[in-house]
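Please read the structure below before turning to the comments.
The values are calculated or read from the model by the stated rules, or taken from the named source; none is laboratory data. All values reported here derive from a predicted model rather than from experimental measurement. We place every Cβ from the backbone using ideal geometry, glycine too, and count neighbours over all the protein chains shown.
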Amino acid sequence: MYELKNVTKSYATSRRTVKALDDVTLTIPRGQMVAIQGPTGGGKSTLLQMLGALERPSTGSVSLGDNDLSTMPDSRLGGIRAKEIGFVFQGFNLIPTLTAQENVETALEPLGLTSAERRSRAATALASVGLADRGAHRPSELSGGQQQRVAIARALVKEPEVLLADEPTGSLDEATRDDIMDLLETSWRDRGLTLIIVTHDSAVAKRAQRRLHIKQGKVTEK
């Protein structure tokens, strides 16, 4: 599914050039569950952004299936993000003025569906994460675990092939963390997703089929 070849990503600062990724070559097969760990500033988020078609490499290539994400026009990259990749973040990234139902529907707006289709699919997605009765609630009326479930429903509602999760349990207590990981694992298995999780939590990483470690832009495998 993913193939990275000699990927380097550099950022110029006022004092020096920082190499966030350093000659990364990596293959992630379709349907695999992968955890990425490493120290803060080691390149985890940059790697995830590369996989999510949010960043382009300075050198090297990144492919998702038959699509070369490193050379594709921005308009096509936007289409891939809208249809094929779901994102889940530590901070939930929900719109506070919208209800849970409306937050999930926002992921469907680029797909050209009717309002009735969006409502139906969002309601189904909320039910699939155990929040069928919370659609009318705004984020402030939900617990942290419930907000993350809404965020997962928003990522899954467009039926992506890939789910990228950046510290999805980082702001949750242990019990809620385990519930969210159970939900992510179930979604991965039932939907045949490729699931890639960036985490500092070894308890989360141990649940993955494969564990990668990134430090100073270099990727190794545990």
Looking at Gln37 and the list (1) out of contact with any His (no Cβ under 6 Å at 6 or more places or on another chain); (2) closer than 18 Å to Arg210 by Cβ, which single condition is not satisfied? (1)
Take the residues of region 46-83 that are crowded, with 19+ Cβ neighbours inside 10 Å and hydroxyl-bearing (Ser, Thr, Tyr): which is nearest to Leu195 (Cα to Cα)? Thr46
Is it the case that Ala155 is within 23 Å of Ala82 (Cα to Cα), of a type outside the set (D, E, K, R) and touching a Gly at 6+ places or on another chain (Cβ under 6 Å)? yes
Note on region 1-30: residues in contact with a helix residue (DSSP H, G or I) (Cβ under 6 Å, 6 or more places away or on another chain) and among the charged types (D, E, K, R) are Lys9
Heads up, the strands (runs of 3 or more DSSP E) in region 153-222 (entirely inside) with at least 1 residues that are of a type in the set (Val, Ile, Thr) and touching a Pro at 6+ places or on another chain (Cβ under 8 Å) are 194-198
Considering only region 110-126, state which residues are within 19 Å of the chain's Cα centre (by Cα) and under 20 Å from Pro139 (Cα atoms). Ala122, Ala125, Leu126
Filter region 89-137 for residues that are touching a Leu at 6+ places or on another chain (Cβ under 7 Å) and either in contact (Cβ under 8 Å) with a residue 60 or more places away in the chain or over 30 Å from Tyr2 (Cα atoms) (or both) and give the result. Ala100, Gln101, Ala132, Arg134, Gly135
I need the helices (runs of 4 or more DSSP H) fully contained in region 1-110, keeping only those with at least 1 residues that are out of contact with any Lys or Arg (no Cβ under 7 Å at 6 or more places or on another chain), modelled with pLDDT under 95 and over 30 Å from Gln146 (Cα atoms). 74-83
